[in-house]
Amino acid sequence: MLLAHIFKYLTYQLFAPGVLLRETYEAFKKALESDKAGLELIAELEDAYHTGRAVDLAWVHERCVRLSHGVKNGVDNLIKMSPLRHLSLQDYFKKIDFYVTLSLTPLEFDFSPPFVIPLDELPRDSERLAGGKASRLARIARELSVPVPRGFVATSRAFNYFCEYNNLRPDIDDLLARVDITLPGQIDNLSLKLQTLIENATVPPELESALRDGLRRAGMQTGVHHGLAVRSSAVGEDSELTFAGQYKTLLGTAAENVTAAYKLIIASKYSASALVYRITNGLIDLETPMAVLFLEMVDPECSGVVYTSAPENTEASGVSIYSLWGLGEPLVAGEASPDVTLLSRVPPCRVVGRKRGTYREKAVPRKGGGVVRTDLSDSEKQHHSLSDADAVRLAESSLGIESFYHAPQDVEWCKNRKGDLFILQARDLRIPPDGHRCNTQPATGAYEAVLRSGERAAGGAGGGRVFVYAPGSNLDKVPFGSVLVAQNASPDLARVAARMNAAVTERGSVAGHLASVAREAGIPLIVNAEKATQLLKTGEEVTVYADEAAVYRGIATDLIETCKKERRRDMTPFSRRFRSALNYISPLNLVDPAAPSFTPEDCRTMHDILRYVHEKAVHDMFVAAEKGAGSGRGVMRLDTGLPLAVYLLDLGGALREGAQPCSEVRLDDVVNPALGAVFAGMCQPGIEWPEDRRNLDWQALESTGNGAVVSLDSKALASYVLASSFYLNLNMRFGYHFAVVDVLCLPKSGSNHIMLRYKGGGAEYANRRRRVDFLSRILTAHGFETRVTGDLIDAALRQPAGGTLLEKMKIIGVLLGSTRMLDMVLVNDDAVAAQVQRFLTGDYRLNLSRRVVAEH
Amino acid sequence: MANIVILDDVADAVELIRKILSRKGHTVTGFTEEEEAVAHVRANSTDLCILDIKLKKMSGIEVLALLKQAKPSIKVIMLTGYPTLETAREAMKLGALEYCVKPIEKDELEEKVAKVLAPDRT
């Protein structure tokens with residue numbers, strides 16, 4: 001690389017034969033490179049946190065590991081430069097690095113036995129051991145004597161052991177770190193790799209024999225006529241978040257296939273929709289290990305779901321039972337519109353309403369495993385699937401569970417051919433205090449209804465362009481902000497929940513899995529809307545008003561606004577860990593290099609350490625050069641005519657011929673054209689400088705609050721220039737921080753460049769963002785490629801022609817000269833736009849009231 | 001103000017922490033021997049123990065287990081120059097409230113102690 005050769009040349013020109021000084025310079029450059037890489041990573045992390053980007057904790061962890069390596073590299077190189085100074089920095093780095101790791105590492109991780117426990121032997125509080133579904137089922141069976149099928153659970157520790165035995169964690173984390181749920185196609189690809197990892201792994205012999213033992217202990221090794229239902233019971237499932245329908249369930253599994261079924265269920269932890277659901281809801285992979293529930297399969301006459309309260313609000317106080325002939329699978333999968341029985345809640349419960357479903361098929365266990373669809377018999381076609389007497393028994397049993405858990409319940413049940421009722425699952429119906437519906441009743445008379453049928457499964461209003469989804473087609477094609485229209489209310493659609501403003505399905509029910517997820521995510525959903533996929537056309541703009549099960553033409557902004565609810569962004573396990581780690585990464589405490597507290601002992605974050613390394617590396621480089629140059633060429637104070645302390649290290653040929661190297665040189669003596677141009681920019685009319693440099697108040701700029709005015713004669717607040725005749729590296733004090741400008745200006749070189757980098761400072765995040773936004777807009781307008789990540793800006797102009805290069809350096813000078821006061825001007829986004837406008841017309845005056853100037 | 005016990009195998013470290021916390025008004029008793037510290041806690045009212053992990057005969061984790069056995073409500077801060085995720089996991093599992101890494105500065109120590117002693121700390 002040409003640039004590398006130039007550096008080498010400069011290094012040898014300046015320092016040969018002073019090997020020690022040369023090595024110092026090499027270490028200095030490496031320290032600055034670490035600073036650059038480290039600041040980029042910090043900015044990326046801050047940006048992800050502040051924008052609520054949906055990433056896995058492994059993504060954060062991977063970046064923190066890279067940051068740790070970068071910061072360590074910086075520390076090592078600083079110590080290489082000045083071996084006897086800064087030694088304690090290593091200890092503080094190790095300490096902060098450990099705190100970051102500790103913040104990101106779940107502390108509970110158990111992979112010791114028991115691997116399998118019969119359902120009736122599960123301890124009382126076994127959610128972490130057996131997952132949400134199994135622990136609740138065992139509890140209601142034991143404490144309420146509710147009938148449940150025989151069964152056992154493979155524990156979450158068995159899952160952890162499976163991963164440890166196969167050493168899967170590094171590969172899992174590597175794949176999870178790459179998940180970006182906004183990239184089309186990517187999630188399917190990564191999900192497939194993750195599931196393949198699990199499916200190709202070996203079930204440890206201890207676990208395999210434990211599964212057989214589980215069958216024996218639950219009395220299921222023989223005489224299980226209809227096979228097993230094998231269901232996920234992950235930690236965190238069926239609790240605060242339902243994970244409804246996101247994991248796999250296998251029905252009709254033969255007892256000899258438990259091991260293979262086990263693997264399929266745990267692999268579904270990484271199905272595309274489960275991944276998106278978990279990451280979007282801020283849960284952590286290691287904290288949601290998968291336990292697996294094995295239940296004896298019941299050959300059902302009928303099955304269904306009980307809601308002990310309307311899911312939208314508790315005031316509609318009836319119990320609703322959704323039922324159909326055969327297995328309940330078509331109901332929860334949103335493929336069937338079931339029979340509905342409404343009951344009063346007041347004991348003794350009585351049936352107050354009935355509605356026949358529209359389904360024509362039923363699902364039944366197939367001999368040899370699996371499920372098969374068959375037509376309803378004539379009798380089934382004519383009769384409601386649930387008798388009044390059974391409805392009352394189910395309602396009373398479910399209200400007992402509600403009373404036990406002190407919360408409305410969503411209960412899955414089935415009835416065998418002998419007439420016995422079984423409870424298969426019970427989870428809390430999460431109903432927000434103000435329900436999901438619109439707070440006020442909006443007037444809708446003025447809107448033209450395109451569709452008016454179906455039922456509200458999740459309330460509210462949302463508008464957007466229709467996307468009619470054809471079963472089996474690619475969900476990644478659903479655009480952001482869509483109104484999704486589909487035949488079935490399939491739980492798979494939840495995978496694109498973030499892209500939907502609303503959804504309408506032709507089938508399904510309030511009790512389906514998609515309905516649960518839509519209510520959790522606040523997406524208005526109408527189910528059972530007849531002919532929706534024919535009446536609504538892809539691309540047309542509509543507004544879905546789920547409360548009235550209506551779809552209107554166009555975007556009814558006022559209706560949407562009326563129904564809009566502030567969705568509270570609660571802290572999630574992910575955001576809590578992320579924030580905790582960021583506390584040791586992001587804040588900058590070392591703002592003032594002249595302060596006595598600018599020491600390794602005062603470093604509290606990775607940012608502090610990087611800041612310390614950059615400041616001291618520049619300082620120590622100049623001290624080393626001052627001591628080591630000897631020949632007269634070396635460090636000089638540069639008189640720029642501005643109230644700034646600037647030190648110049650001549651890398652060779654920076655001064656004009658005949659100029660006498662001495663302790664102070666004038667700008668006129670420097671021949672590097674880029675340096676001349678940058679200071680010419682700083683002197684442009686409109687840029688104000690105080691008369692006396694000792695009164696330049698960096699503290700005010702950084703808004704750190706103690707108001708001290710410091711002397712700029714101090715080297716601690718100086719700017720530093722390394723220059724040859726054609727190369728310039730400017731560490732320009734920009735507030736308390738350096739803006740780094742790197743310029744190559746050979747007379748006839750296609751590799752010339754200008755690069756500028758600046759990050760943050762000590763001001764509020766919003767101020768820092770506006771500052772880089774301003775810089776980015778100006779530089780972009782001047783042809784720079786700019787990249788803004790959080791409050792970090794990197795700008796580059798490659799191969800500018802000679803005249804252009806100097807012109808652009810002048811602009812950089814203007815920016816550096818103005819930015820001192822920018823925070824006082826850029827008080828909001830409008831002010832940024834206005835100031836950009838002025839700058840681009842060549843008016844560099846800041847729109848700063850005299851009063852503000854006087855105060856500062 | 002609280003009764004605080006410090007256990008570290010280095011007498012100077014004990015003394016330094018004792019001075020810092022005494023200035024805050026706490027009654028601080030320091031030990032370098034494990035048995036003496038455990039005996040003291042068993043016999044005297046103690047709100048908080050600050051335990052080093054590398055000790056003379058036992059590990060700080062073992063001492064933590066003994067103290068929690070004797071007085072389950074006692075609050076404990078672990079302090080170590082050799083942090084590992086394993087000892088952190090073990091310490092938290094046994095009921096330590098903080099896991100601090102040396103070198104620890106005065107303000108960090110004061111802040112952690114205040115946080116642990118705060119009445120709403122569960």
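Lysines near A:LYS355 by alpha-carbon distance under 26 Å, same-chain residues fewer than 8 away left out - which ones?
Candidates past the 8-residue exclusion: A:LYS381, A:LYS415, A:LYS418, A:LYS531.
From the alpha carbon gyration tensor of region A:23-76, can you work out the equivalent ellipsoid semi-axes (sqrt of 5 times each eigenvalue) and give them in Å, largest to smallest?
Values: eigenvalues 145, 23, 5 Å².
The equivalent ellipsoid of region A:23-76 has semi-axes of 27, 11, 5 Å.
Over the Cα atoms of region A:279-349, compute the convex hull volume and normalise it per residue, giving Å³. Could the numbers behind the result be given before it?
On the way: hull volume 12.5 nm³, N = 71.
Here the figure is 176 Å³ per residue.
What is the local net charge at A:LEU264, summed over the other residues whose Cβ is closer than 12 Å to its Cβ (Lys, Arg +1; Asp, Glu -1)?
Details: positive: A:ARG231, A:LYS248, A:LYS263, A:LYS269; negative: A:GLU199.
Surrounding charge for A:LEU264 is +3.
Please list, by residue number, everything in region B:22-39 whose backbone N is under 18 Å from a paramagnetic label point 7 Å out along Cα→Cβ of B:GLU110.
Residues B:22-28 qualify, since their backbone N sits under 18 Å from the label point.
Please give the direction-averaged projected area of the C-alpha convex hull for region A:322-464, in square nanometres with one decimal.
On the way: hull surface 49.2 nm².
Projected area, direction-averaged: 12.3 nm².
Can you pull out the trypsin sites (Lys or Arg not before Pro) in region A:68-167 that DSSP calls coil and that have at most 11 other Cβ atoms within 10 Å? Mind dumping the intermediate values first?
Values: sites: A:LYS72, A:LYS80, A:ARG85, A:LYS94, A:LYS95, A:ARG124, A:ARG128, A:LYS133, A:ARG136, A:ARG139, A:ARG142, A:ARG150, A:ARG157; in loops: A:ARG85, A:ARG124, A:ARG150.
Within region A:68-167, the qualifying trypsin sites (Lys or Arg not before Pro) (loop, at most 11 other Cβ atoms within 10 Å) are A:ARG124.
Going toward the positive end of the dipole of chain A, with +1 on Lys and Arg Cβ and -1 on Asp and Glu Cβ, which of A:LEU137, A:PHE243, A:SER580 do you reach last?
My answer, from the dipole projection, is A:PHE243.
Taking a threshold of 21 Å on the Cα-Cα distance, which of the pairs A:LYS269/A:LYS367; A:LYS616/A:LYS759; B:LYS75/B:LYS115; B:LYS54/B:LYS102; A:LYS362/A:LYS537 fall above it?
Numbers: A:LYS269/A:LYS367 28 Å; A:LYS616/A:LYS759 17 Å; B:LYS75/B:LYS115 11 Å; B:LYS54/B:LYS102 12 Å; A:LYS362/A:LYS537 31 Å.
From A:LYS269/A:LYS367; A:LYS616/A:LYS759; B:LYS75/B:LYS115; B:LYS54/B:LYS102; A:LYS362/A:LYS537, over 21 Å: A:LYS269/A:LYS367; A:LYS362/A:LYS537.
Quick one: putting +1 on the C-beta of Lys and Arg, -1 on the C-beta of Asp and Glu, what dipole do you get for region A:104-231 around its Cα centre, in Debye to the nearest 20? Working shown, then result.
Values: 15 positive and 17 negative charges, 121 e Å.
For this selection, approximately 580 debye.
Near B:ALA11, within a Cβ-to-Cβ distance under 15 Å, what is the net charge of the other residues, with Lys and Arg +1 and Asp and Glu -1?
Neighbourhood net charge equals -4.
Enumerate by residue number the GluC sites (Glu not before Pro) in region A:93-163 meeting two conditions: DSSP loop (anything except H, G, I, E, B), and at most 16 other Cβ atoms within 10 Å of the site's Cβ.
Here the GluC sites (Glu not before Pro) that fit, given the DSSP loop and packing criteria, are A:GLU108.
Please report, in cubic angstrom per residue, the volume enclosed by the convex hull of the alpha-carbon atoms of the protein assembly as shown.
Working: hull volume 212.4 nm³, N = 978.
Spread over its residues, the Cα hull of the protein assembly as shown gives 217 Å³ apiece.
Just to verify a number: FRET efficiency for B:GLU15 and B:GLU36, C-beta to C-beta distance, R0 = 22 Å, to 0.05? Provide the component values of the computation, followed by the final result.
Working: r = 16 Å, r/R0 = 0.71.
Result of the calculation: an efficiency of 0.90.
Can you list which of the trypsin sites (Lys or Arg not before Pro) found in region A:439-523 are DSSP loop residues with at most 15 other C-beta atoms within 10 Å?
Details: sites: A:ARG452, A:ARG456, A:ARG465, A:LYS477, A:ARG495, A:ARG499, A:ARG507, A:ARG519; in loops: A:ARG507.
Passing both the DSSP loop test and the Cβ count: no residue.
Rounded to the nearest 0.05, what FRET efficiency do A:SER88 and A:ARG579 have when you use their Cβ-Cβ distance and R0 = 35 Å? Don't skip to the answer; put the middle values down first.
Values: r = 28 Å, r/R0 = 0.79.
It comes out at approximately 0.80.
Pop a pseudo-label 7 angstrom from the Cα along the beta-carbon direction at both A:LYS531 and A:ASP110 and give the gap in nm to one decimal.
About 5.9 nm separates the two model spin labels.
For A:ASP639 paired with A:ARG666, estimate the spin-label separation in nm (one decimal), with each label point 7 Å from Cα along the Cα-to-Cβ line.
About 0.7 nm separates the two model spin labels.
Over all directions, how big on average is the projection of the convex hull of the alpha-carbon atoms in region A:158-259, in square nanometres?
8.1
If you wrap a convex hull around the C-alpha atoms of region A:90-239 and split its volume per residue, what is the figure in Å³?
175
Isolated Cys in chain A by the 4.7 Å beta carbon test?
A:CYS64, A:CYS163, A:CYS302, A:CYS349, A:CYS414, A:CYS603, A:CYS662, A:CYS683, A:CYS745
Report, in deg cm²/dmol and to the nearest 500, the calculated mean residue ellipticity at 222 nm for the protein assembly as shown, where each DSSP H run with n ≥ 4 adds -39500 (n - 2.57) and the sum is divided by the residue count.
When only DSSP H runs of four or more count, the value is -12000 deg cm²/dmol.
Every number here is computed from the coordinates shown, using simple stated rules; none is lab data. Given the structure is predicted, the values throughout are model-derived calculations rather than measurements. Don't worry about glycine lacking a Cβ; one is built from the backbone with ideal geometry, like all the others, and counts go over all protein chains shown.
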